[in-house]
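Quick notes on the structure that follows.
Derivation of every value follows stated rules applied to the coordinates shown; laboratory data play no part. Everything numeric in this text was worked out from a predicted model, so none of it was measured. Methodologically, a virtual Cβ is constructed for each residue, glycine included, from the backbone with ideal geometry; neighbour enumeration extends over all protein chains shown.
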Amino acid sequence: MEQNFAASLKELLKSEGGNDDDPLDHGGRTSRGITQSEYNHWRKMNGKPTKDVWTASDAEVKQIYYDDYWLPHGPDFPKGLDYLFFDMAVNAGPSRAMKLLQRTLGTKEDGIWGPNTNRALLAANPKQLVKDYTVVKKAWYKSLKQKRFINGWINRANDVQAAALKMLA
């Protein structure tokens, strides 16, 4: 479902917004959801000097999201589920997104895409899986006990679910 990356990125960027440097956000200085530290790492890995994440080009942001969050699993998901998983990978990290997916599917929560996770995903009803994964995401957000961010996270989960269901239709 590679063709859904562009649509998924467009939706993701609505949630991530622009530049931010909230001292209470563990991510620190970010631009469109990309943290300063991950931008520095990406630039170094590509033989470029570090610079302020707020100056990152759209092309750089797109490439980081594609390489570090869409791959390797985005193309394995049905349309809609790919966006749902991609958004959570960005929001909480790829390992956490996988563990929550595995919890939803009832497979071992090890954060590793293996044959059991793959079989369960293929056997699942995509529409129901979108709904169930959203329930699991919301419960995980609530477990963090972050009063400052919880309403935004819950709203984001609802918006992502709606967009994912629309992509499935």
Against the globular-protein guess of 2.2 N^0.38 Å, express the Cα radius of gyration of the range 41-94 as a ratio, rounded to two decimals.
1.27
With the cut-off at 1.5 for a/c, could you classify the range 116-169 from its C-alpha gyration tensor as rounded, prolate or oblate?
oblate
Along Cα→Cβ, 7 Å out, is where each label goes; now give me the distance between the ones at ARG148 and TRP113 in nm to one decimal.
3.4 nm
Treat each spin label as a single point 7 Å out from the Cα along the C-beta direction, and report the TRP54 to LYS79 distance in nm.
3.9 nm
Counting other beta carbons within 10 Å of each residue's own, what order do LEU24, LEU81 fall into, fewest first?
LEU24, LEU81
Tell me the relative contact order for the chain as a rounded percent, counting alpha carbon contacts under 8 Å between residues six or more apart.
19 percent
If each residue of separation counts as 0.36 nm, what is the full-extension length gain between LYS166 and MET45 once their alpha-carbon separation is subtracted?
39.9 nm
For the range 145-150, in residue order, the Karplus 3J(HN,Hα) values (coefficients 6.51, -1.76, 1.60; θ = phi - 60°; whole Hz; Gly and Pro = x) are 6, 10, 4, 5, 10, 4
Can you pull the Kirkwood radius for the range 72-149, inverse mean 1/r over Cα pairs, to one decimal in Å?
12.6 Å
Multiplying the sequence separation of ASP159 and ALA120 by 0.36 nm and subtracting their Cα-Cα distance, what value in nm do you get?
11.5 nm
10 Å beta-carbon shell around LEU100, net charge (K/R +1, D/E -1)
+3
If N is the number of residues in the chain, what value comes out of its Cα radius of gyration divided by 2.2 N^0.38 Å?
1.02
Could you check the spin-label model distance between GLN3 and ARG96? Points 7 Å from the Cα along Cα→Cβ, value in nm.
3.3 nm
Dipole magnitude of the chain, debye to nearest 20 (Cβ charges: Lys/Arg +1, Asp/Glu -1, about Cα centre):
520 debye
Total lysine pairs under 25 Å (Cα atoms) in the range 110-169, excluding pairs fewer than 8 apart on one chain:
13
